[in-house]
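Report on the structure given below.
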């Protein structure tokens, strides 16, 4: 067994532990992290270690360090991977990164944080409060708040108000131009842009009416409260496994049609869909935030519903009377 | 059922199956479905890309830029930092964090709000020697609940608001979602704070817990033996005592 093996230069010792422990051990035994035959940019200045969480949107998801060549191209060293109690058997560089993983990265102090942002990962330590520029923060809040107020009072069309805020943020250098397009989540934009014509086609072909008809016939003679509850349950179930935007796009026209058939106001039905489409408390895949906390929280796939199922029931029970109160039939 | 309806149902059924399966990312699946819908003649030529000019698409993109701006300017941390301290009991901690999380998600992207609060929560857990699993799920759920409060809080609300505009003439405005959203979020947060966290199946007591989150996050790391290292020629197990002292475990050796 390896315990009897004699150590030679360029051997790799595989260890498991927390970031501080690993640093202490490497220091005590005088081991190093990177290849010395090809000195990397990372070692020219002060290097720092950061723990980061990998969200679904990270550009590392589904790729390996070997494929990304992080060390040579970016000067960032992938020190370790932590995956929820799963012991990884491959060589570190060959491990395919998954959403929810925690990574231990090493890099130059002055650029590591930018690199983490470029990778789309989240550092697991808060930024120091000293980096905040008070005036900029106040200006950002003020611009945003006035746009919201103006749009709410219907002085200005909401998308235009938001566009003005975005332009002002860029002009005032609150969002650097280089980060404007990076901050947009393009997959969601593409999903929405592609799903809208399909949803429109479903309406135009009469498919929406057909589904609404089925729904109305299935709930024939029920009080409106129960029909709303059924609509919310169906929408929530869809939303727990499906993207919530896709859910809303399909469910909204059906809700409208159901309301028309029952000859009641459509607003309670649209509101019920809005609330239900946002509910995704049963699995880590229903909402990006639930995926994000999977690694740091140490949760498994089946841990979410215990707290989430009562919450979904509570949301239905609370939302229906509130909806009928605020948006009468 | 007409042929068009049948084909569309089959297409949307297949779309859902692919989305749930998750092998291919949802944007690719949806775009593929759009192409197929066009090729089958279900979507007319002048409407294939009309979705990309839809106000909902523009709003979602703009909200993300604005979220980034609020984050970068430090505005959110300034507000959040003033409200937080780690010396609270777990119940009060969850209540405060969930409240802040919901309030932030109402005006910015949910993911950005969570990204901002998660490090603060992890730090508080470490100081209080608590399992971070007890507080992170309430925080995440609260951020989802908070999105229900405003039009821009969550993408489904944006979709529904613009859909109403097209179908009935008047879109929902910013705070039309608030009366229902605030009550639902408040009830949800009360549940999460008072009952919910006790239902999370993770170790609760500090006694059976590692003393810090660092021990909980156990990394697999490869360390290199440099050519001039003192340990060359030693046996691997001779390093065990130093490993124990540092709290790490030696798992193996990869030799060249």
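The values are calculated or read from the model by the stated rules, or taken from the named source; none is laboratory data. This one's a predicted model, so the numbers in the text were calculated from it and none came from an experiment. Ideal geometry is used to build each Cβ from the backbone, glycine not excepted, and the neighbour counts take in all protein chains shown.
Just to be sure, is residue B:153 on the phi > 0 side of the Ramachandran plot, in the same structural domain as residue B:98 (by TED's automatic domain parsing) and modelled with pLDDT of 85 or more?
No; evaluated as a whole, the condition is false for this residue.
Among the candidates A:104, A:119, which residue alone is touching a strand residue (DSSP E or B) at 6+ places or on another chain (Cβ under 7 Å), at pLDDT 80 or above and under 28 Å from residue A:287 (Cβ atoms)?
Matching residue, one of A:104, A:119: A:104.
Tell me whether the range A:237-245 contains one or more residues that are assigned to a helix (DSSP H, G or I), closer than 21 Å to residue B:170 by Cα, in contact (Cβ under 8 Å) with a residue 40 or more places away in the chain and touching a helix residue (DSSP H, G or I) at 6+ places or on another chain (Cβ under 7 Å).
Yes, that holds for at least one residue.
Checking the structure you have, find out if any residue of the range B:118-140 is surrounded by 24 or more Cβ atoms within 10 Å (Cβ to Cβ), within 28 Å of residue A:255 (Cα to Cα) and more than 8 Å from chain A (Cβ to nearest Cβ).
no
I need the full set of residues from the range B:41-88 which are more than 7 Å from chain A (Cβ to nearest Cβ) and at pLDDT below 85, in order please.
B:71, B:76, B:79, B:80, B:82, B:83, B:84, B:85, B:86, B:87, B:88
Give the residues of the range A:97-126 that are surrounded by 15 or more Cβ atoms within 10 Å (Cβ to Cβ), assigned to a loop (DSSP other than H, G, I, E, B) and out of contact with any helix residue (DSSP H, G or I) (no Cβ under 7 Å at 6 or more places or on another chain), sorted by residue number.
The answer is A:97, A:98, A:111, A:120, A:121.
Restricted to the range A:310-320, and to residues that are without any contact (Cβ under 8 Å) to a residue 12 or more places away in the chain and facing another protein chain (nearest Cβ under 9 Å), which residue is farthest from residue A:262 (Cα to Cα)?
Ranking the qualifying residues of the range A:310-320, first place goes to A:310.
What number of residues within the range B:179-213 are surrounded by fewer than 19 Cβ atoms within 10 Å (Cβ to Cβ), modelled with pLDDT under 75 and in a helix (DSSP H, G or I)?
0
Exactly one condition in (1) over 24 Å from residue B:159 (Cβ atoms); (2) more than 8 Å from chain B (Cβ to nearest Cβ); (3) surrounded by fewer than 22 Cβ atoms within 10 Å (Cβ to Cβ) is false for residue A:329; which is it?
Going through the list (1) over 24 Å from residue B:159 (Cβ atoms); (2) more than 8 Å from chain B (Cβ to nearest Cβ); (3) surrounded by fewer than 22 Cβ atoms within 10 Å (Cβ to Cβ), residue A:329 breaks only (1).
Count, please, the residues in the range A:29-63 that happen to be at pLDDT 80 or above and assigned to a helix (DSSP H, G or I).
So the answer is 1.
Against the condition at pLDDT 80 or above, more than 7 Å from chain B (Cβ to nearest Cβ) and over 22 Å from the mean Cα position of the chain (by Cα), how does residue A:109 come out, does it pass?
Details: at pLDDT 80 or above: no; more than 7 Å from chain B (Cβ to nearest Cβ): yes; over 22 Å from the mean Cα position of the chain (by Cα): yes.
It is false that residue A:109 is at pLDDT 80 or above, more than 7 Å from chain B (Cβ to nearest Cβ) and over 22 Å from the mean Cα position of the chain (by Cα).
Filter the range A:289-309 for residues that are more than 7 Å from chain B (Cβ to nearest Cβ) and surrounded by fewer than 21 Cβ atoms within 10 Å (Cβ to Cβ); which is nearest to residue B:202 (Cα to Cα)?
Once the filter is applied, the top-ranked residue is A:300.
With a cut-off of at least 3 residues that are more than 8 Å from chain B (Cβ to nearest Cβ), name the helices (runs of 4 or more DSSP H) lying wholly within the range A:142-213.
Filter on the range A:142-213 gives A:158-171, A:186-204.
Among B:239, B:220, which is the only one that is at pLDDT below 90, in contact with a helix residue (DSSP H, G or I) (Cβ under 9 Å, 6 or more places away or on another chain) and either in the same structural domain as residue B:114 (by TED's automatic domain parsing) or part of a strand (DSSP E or B) (or both)?
Numbers: B:239 fails: either in the same structural domain as residue B:114 (by TED's automatic domain parsing) or part of a strand (DSSP E or B) (or both).
Answer to the selection: B:220.
Go through the range B:13-29 and count every residue that is more than 7 Å from chain A (Cβ to nearest Cβ) and not in a loop (DSSP other than H, G, I, E, B).
Counting residues in the range B:13-29 that are more than 7 Å from chain A (Cβ to nearest Cβ) and not in a loop (DSSP other than H, G, I, E, B) gives 8.
If residue A:285 satisfies all but one of (1) surrounded by 24 or more Cβ atoms within 10 Å (Cβ to Cβ); (2) at pLDDT below 95, what's the number of the condition it fails?
(1)
Counting only residues that are within 22 Å of residue A:193 (Cα to Cα), give me the helices (runs of 4 or more DSSP H) lying completely in the range B:60-178 with at least 1 of them.
Counting at least 1 such residues, we get B:110-127, B:155-168.
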